[in-house]
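Readers should treat all values here as calculations from the given coordinates under stated rules, not as data from a laboratory. Because the structure is a prediction, the values reported are computed rather than measured. Cβ: placed from backbone, ideal geometry, glycine included. Neighbour counts: every protein chain shown.
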Amino acid sequence: MADTKIASVLKESSVARYDTLEFYPSVASIQRKAHNAIHYEKRLFDAVATHIHPTFEDSIAMLGHHENSRSSDMCLIEFLQHVSTSKAVCDACSAAKQKLEAHETEMYMRSDVYRVVHAVHRNKEEMSKLSEEDRRLVEKLESRFRKHGVGLRSAERSRFNEITCRLYELEHEFNDNIASNKIKVLFSLKELDGLPTSFFKNRKVQVTEAGIMFVVSADDSDFTQIMQLANSSNTRKKMYNACKSMCPDNTGLLQKAVALRLEKAELLGFQTNSKSVLSELTAKSPQAVLGMLKEIKEKLHAPLSKRLAILADLKRGDLEAKGKLYDDLFIWDRCYYEARFKASTNDHSSSEISSYLPTEHVVDSVLDIYQRMLGLQIKKITEPTSVWHSDVKLYEAWEANGNSFVGSFYLDLYPRKGKYSETMVFSLRPGFAWPGKSREHPVAALIANFPKSTAKVPALLDHENLRAFMHEMAHVFQNVCSATKWSILHGTHVEEDFVEVPSRMMENWCWQPSVLRQVSAHYESGEPMPECLINSVLEGGKRDVLSIYLNALFLALYDMEINNSSNIVDVDREFNRLSREIVRIGYSNIDLCSAATASNFMADNDSRYYGYLWSEMYSHDMFESRFLNEGVDNEYTGWEFRKQILQPGGSRDSRVSVAKFLGRDPSTAAIVKQISQIC
């Protein structure tokens, strides 16, 4: 009887749910879709809960098929929330998303359904009969329930839920404090020497006893400009102190959150929060993460010493020219002299480089690189039946022989009012297998805000835009090339510390001279980028790695320090200790906990900051060992990358995927080599 109920629910919920994507839904249809999805989901979970002796096919597979069906609706609703030109549709999608997520959480807190899933998970005989991907589905579903504390005894579960709610409250209070912070810093015109004219345009002024003062906010734009461009060290210090001492109450909120995370991990049977988080990621343990971070820290010591000496010499020269004695290189000096160092070693402007990177040519060239690398044929659809804006372009991906359709993707590359302001790839419909073995083909969309054309020049990219486009297109093809049975294992649904690996690896193409020549064509002459500009780009990349890696190292070590202890760590003291230890630069005896304004430390991102460097380790290893040795245009290597990394998605452990691609376990040798090339 239960099986009949489940089949009935699945049949109902899949009717007319996979027609052409609807980019202009009515508010009523969005509300109806959310209502129906919730209704179907509850009926399915009710039916699964009735099983006394569950098996994979009569329980887990039903939940998996439901996830396949549900994910498409969720993906499109989330997407339209960010890109629809109708505010009413955006608001309706936002409300629907909240309802769907709340209901999903409610369903995955059901102990009666967890009993069924857990029974299959612990049934060794049943699990041994399953394919690797089906076992992964069982494990992923079981983990979802367990992370909600469903397997705990009543009193422990009650406390677990209390902690979850309290952490949510602390995060909101933390972010509200930042949002409501109205700190303003007053500077005289003399103090702002070095800032461009554009900095003063439409800026508020305030008349004080000291004269006319300019009002400067604590937002990222003002802070960055002053730290990089203000010629006065005292101005930079004043700005630094003001911004880094904001929201002092947030330090206490973070301290409470760290303690609650530890208690939550202990309820789940782990000694530390980091051990709980990492147990299901590719790193597996804090020891593995800390080992990598320690090696990177040691290797960064020499290039950092060299760079600090250069910056100190620049400051010493400035002071001597003014007849002043050198005091020290302070934290508020670093960005200023880094910018000076960059300018002194860069012979070419960003606008010069951009003139060789017209957007349309870059897009076509990058897509050509991907199609040849991955064994695809990419077709631009000149008259798509439906897009959400006239700027949007639609592409289809076919196998290179043109016989088999693989998936499709949209490119929405230019800014407009009300559009999502970040660069991001969305899955509009994940790929999966229908019960009859036919496939649902994936659909993805890349949203960006690259510079538009002007009356004088076409749309142009700088090298950072090129890097971002290459990076995000890898996410597109993570979705398009993935071929899994279950949607929750498709594409980027891999371990959190592996999501960025393919994209980070593809960034390497932007630093290859042959690729830079291929993707460039001067917007007037059509000539490729000359060697002098290519060399300038490459040298700049080597120079910038140090700051990027140092920042990532500090954040990762701090994150592990506060979350990987069985005792409560003082978050303020630890932040300042590590700042001095990693950056190795003067603070003039100032203790400021910048973590008070870093909302990511309060978000559900704890024990995951190592992910950037972890991804770099994997990506550089794959690039150096295979593509650099065998050729960046080697089609067989590209096919292996597609087959072993992109195609499996999350259907197997990503460490296995990397080992199959490399023919061995990954190593830190390539990232160490990258560090050795820092200039």
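Observations
- Panel note: the C-alpha atoms of region 2-151, placed on their principal axes, show extents of 53, 30, 26 Å (largest first).
- At least 24 Å along the helix axis (C-alpha) and Kyte average at least -1.0, DSSP helices within the chain: 27-49, 61-83, 87-107, 154-180, 249-267, 286-321, 463-481, 531-563
- When each of His103, His301 is scored by the number of other beta-carbon atoms lying within 10 Å, the sequence from fewest to most is His301, His103.
- Net lengthening on full extension, Leu319/Arg439 (0.36 nm per residue, minus Cα-Cα): 36.4 nm
- Net charge contributed by nearby residues that have their C-beta within less than 11 Å of His441 (K/R +1, D/E -1): 0
- Legend: calculated FRET efficiency, Glu101 to Ser29, from the Cβ-Cβ distance at R0 = 22 Å, rounded to 0.05, equals 0.70.
- In units of the compact-protein estimate 2.2 N^0.38 Å, region 182-244 shows a Cα radius of gyration of 1.00.
- In this rough spin-label picture, where each label sits 7 Å from Cα along the Cβ direction, the Thr385-Ser94 distance is 3.2 nm.
- Unsatisfied cross-links (Cα-Cα over 29 Å) in the set Lys244/Lys342; Lys256/Lys673; Lys342/Lys673: Lys256/Lys673
- If the Kirkwood radius is taken over C-alpha pairs of the chain, then at 25 °C and 0.890 mPa s the Stokes-Einstein diffusion coefficient equals 89 µm²/s.
- The value for region 463-557 of Rg(Cα) / (2.2 N^0.38 Å) is 1.35.
- Charge-dipole axis of the chain as Lys and Arg at +1 and Asp and Glu at -1 on Cβ define it, positive-most pick from Ser565, Gly649, Gly586: Ser565
- Listed values for region 425-434 are Karplus-derived 3J(HN,Hα) couplings in whole Hz (6.51 cos²θ - 1.76 cosθ + 1.60, θ = phi - 60°), namely 9, 10, 8, 8, 7, x, x, 6, 9, 6, and x replaces Gly and Pro.
- DSSP-assigned coil residues among trypsin sites (Lys or Arg not before Pro) in region 85-129, each with at most 16 further Cβ atoms within 10 Å: Arg122, Lys129
- Region 595-673 - convex hull of the alpha-carbon atoms, volume per residue in Å³: 125 Å³
- Pairwise FRET efficiency - Asn629 versus Glu295, Cβ, R0 = 25 Å, nearest 0.05: 0.65
- Taking a straight line from the alpha carbon of Lys315, these aspartates and glutamates sit under 15 Å away, with near neighbours fewer than eight places off in the same chain left out: Asp327, Asp328, Asp333, Glu338.
- Over the Cα atoms of region 196-299, the radius of gyration divided by the Kirkwood radius equals 1.21; this is the Rg/Rh ratio.
- Cα gyration tensor category, rounded, prolate or oblate, for region 240-328 with a/c compared to 1.5: oblate
- Interchain or long-range residues, amide H under 5 Å from Asn181's placed H: none
- Magnitude of the charge dipole for the chain, about its Cα centre and with charges confined to Cβ atoms of Lys, Arg (+1) and Asp, Glu (-1), is about 620 debye.
- Electrostatic bookkeeping for Ala483 treats Lys and Arg as +1 and Asp and Glu as -1; over the other residues with beta carbon under 13 Å from its beta carbon, the sum is +3.
- Each label was represented as a point 7 Å from its Cα along the Cα-to-Cβ direction; for Ser349 and Arg416 these points are 3.1 nm apart.
- Potential lengthening of the chain between Lys342 and Asp368 amounts to 6.1 nm, from the contour at 0.36 nm per residue minus the alpha-carbon distance.
- Where labels lie 7 Å past Cα in the beta-carbon direction, separation of Glu280 and Arg166 in nm: 2.3 nm
- Dipole magnitude for region 2-151: computed about the Cα centre from +1 point charges on Lys and Arg Cβ and -1 point charges on Asp and Glu Cβ, it is near 320 debye.
- Amide hydrogen neighbours beyond the local backbone of Gly407, cut-off 5 Å, H modeled: Ala397
- Counted charge near Pro530, where neighbours are those whose Cβ lies closer than 13 Å (Asp, Glu -1; Lys, Arg +1): -3
- Calculated log₁₀ intensity ratio I(q)/I(0) where the Debye formula runs over C-alpha points of region 523-598, q = 0.17, 0.19, 0.25 Å⁻¹: -0.74, -0.85, -1.18
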